[in-house]
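Visitor: Below is one structure. I have some questions about it.
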Amino acid sequence: MIRSAAAPRTARRKSRRLLSSAAVALTVTILVAGCSSSSGAPADDGDFGELSIQLSWVKDVEFAGEYMADSKGYYEDAGFSSVNLVAGPGATESLVASGQMLVGITDPISAAPAIVNEDAPIKIIGTTYQKNPFSILSLKDKGNIVTPDDLVGKRIGVQAGNETLFSALLSANGIDEADVTVVPVQYDPSPLINGDVDGFLAYVTNESVTLEQQGYEVENLTYADNGLPFVTESYIASDDSIENMRPQLEAFLYATILGWKDAIADPQGSADLAVNDYGKALGLDTAKQLQQAEVTVPLIVTDETEENGLFTISESLMAQNLETIAATGVTISEEDLFDMSILADVYEAHPELKN
């Protein structure tokens, strides 16, 4: 599940998952009809047409909330005739900006450079993960990287597209890049197991789980707790959709919140949907998907979301994200990156969602 949150996730999408800067020629028609109300309530007559969502990665348990919302009919109840969950990675920012997708899942590290450098007319309207799952993964009996200072003198496997993010981690902790050897790798952590690298840029919800499932004792130097806090699995929409398709976006957020509430409450059900339905072609392992679903919960549910509701991003968290983005060399304002007004309208209309 890692994607690349490098400066160009422009990316996630991500070089792997945080980004693929390659253009993806997907033609997905979004059939949407106008609606006079902006209350955040579900539509009565299902006139929004198809809901198209660009996922940030393959269809594993990472998108359990969307699976729940689809399988339980929440999207249909909210007014959509059908749902098209498009597996990633893909050129999420471009697809959303061009109107080929109503919603895309990305992160601020990737969205910001698309906005600043490419004039992409997009904004983040909510986020699933309050804490990003990036880490430097190491084996306890080998690299044993527990603190930022442990990176010094080590060989760290970094995927193409994630170099900027790794550099930002070093900078945030006052470490000279010359004191660390960056080794180009793919997303398979085999180089770590084989001893070709001491650390491996990973997700605590993916590669770390994979190695634990194989019986390895691991350490995770997490980005969120070591100078680079930022949200991820963030929902983006185009400026045009925010202006002219607000009812559809409200309906999407409403249904997806319901889906994620169910997913958080039922990790086993989430794993089963990924393994047996949405990701069936991938041959996913149920035990790994279940562990991944369980590890994900603390990244999604925090004191702030307990108080304000899922997908919210507080002012203080936005400020932290802007600081992290600046560490990657991109400067952007809060108003140019975030628009939380749609989510606020949904919670105003449906305060019971916070329970």
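The values are calculated or read from the model by the stated rules, or taken from the named source; none is laboratory data. No experiment lies behind these values; they were computed from the predicted model shown. All Cβ positions, glycine included, derive from the backbone under ideal geometry; neighbour counts span all protein chains shown. Please note that ligands, DNA and RNA were not included when accessible areas were found on the heavy atoms of the full protein model with its side chains. Shrake-Rupley method; radii C 1.70, N 1.55, O 1.52, S 1.80 Å.
Visitor: Taking the Cα centre as origin and putting +1 on Lys and Arg beta-carbons and -1 on Asp and Glu beta-carbons, what dipole magnitude results for the range 204-268, to the nearest 20 debye?
Guide: Working: 2 positive and 12 negative charges, 42 e Å.
Once rounded to the nearest 20, the dipole reads 200 debye.
Visitor: What size of dipole, in debye to the nearest 20, comes out for the range 248-304 about its Cα centre when the only charges are +1 on Lys and Arg C-beta atoms and -1 on Asp and Glu C-beta atoms?
Guide: Working: 3 positive and 9 negative charges, 42 e Å.
Using Cβ point charges on Lys, Arg, Asp and Glu, the range 248-304 gives about 200 debye.
Visitor: Putting +1 on Lys and Arg Cβ atoms and -1 on Asp and Glu Cβ atoms, find which of ALA319, LEU337, GLY279 reaches farthest to the positive end of the dipole of the chain.
Guide: Positive-most Cα among the choices belongs to GLY279.
Visitor: What's the magnitude of the charge dipole for the chain around its Cα centre, counting Lys and Arg as +1 and Asp and Glu as -1 at the beta-carbon? Answer in Debye, nearest 20.
Guide: On the way: 20 positive and 53 negative charges, 205 e Å.
Once rounded to the nearest 20, the dipole reads 980 debye.
Visitor: Roughly how much of SER94 is accessible, in Å² to the nearest 10, using a 1.4 Å probe?
Guide: Approximately 60 Å² of SER94 is accessible to the 1.4 Å probe.
Visitor: Right, here's the next one. On the Cα set of the range 306-355, report Rg and Dmax in Å, please.
Guide: 13.1, 40
Visitor: Could you list the square roots of 5 times each eigenvalue of the Cα gyration tensor of the chain, that is, the equivalent ellipsoid semi-axes, sorted largest first and rounded to whole Å?
Guide: Numbers: eigenvalues 216, 95, 63 Å².
Values for the chain, descending: 33, 22, 18 Å.
Visitor: How large is the accessible surface of THR232 in square angstrom, using a 1.4 angstrom probe and rounding to the nearest 10?
Guide: Ignoring ligands and nucleic acids, THR232 comes out at about 0 Å².
Visitor: Continuing with this model, one more query. Find, among the GluC sites (Glu not before Pro) in the range 198-255, those assigned to loop by DSSP (not H, G, I, E, B) with at most 14 other beta-carbon atoms within 10 angstrom. Working shown, then result.
Guide: Details: sites: GLU207, GLU212, GLU217, GLU219, GLU233, GLU243, GLU250; in loops: GLU217.
For GluC sites (Glu not before Pro) across the range 198-255 that sit outside H, G, I, E and B with at most 14 neighbouring Cβ atoms in 10 Å, the list reads GLU217.
Visitor: Roughly how many Å² of GLU335 are accessible to a 1.4 Å probe, to the nearest 10?
Guide: In the full protein context, GLU335 sits at about 120 Å².
Visitor: Using the structure shown, select from LYS59/LYS123; LYS72/LYS123; LYS59/LYS280; LYS72/LYS288 the pairs with a Cα to Cα distance greater than 18 angstrom.
Guide: On the way: LYS59/LYS123 24 Å; LYS72/LYS123 28 Å; LYS59/LYS280 9 Å; LYS72/LYS288 24 Å.
Pairs exceeding the cut-off: LYS59/LYS123; LYS72/LYS123; LYS72/LYS288.
Visitor: Rounded to whole Å, give me the distance from the Cα center of the range 98-158 to that of the range 226-270.
Guide: If you average the Cα positions of each part, the centres end up 18 Å apart.
Visitor: Another one. Let a ≥ b ≥ c be the square roots of the eigenvalues of the Cα gyration tensor of the range 168-263; is it rounded (a/c under 1.5), or, if not, prolate (a/b larger than b/c) or oblate? If you can, show how the numbers build up before the last one.
Guide: Values: a/c = 2.93, a/b = 1.83, b/c = 1.61.
Note, shape of the range 168-263 comes out prolate.
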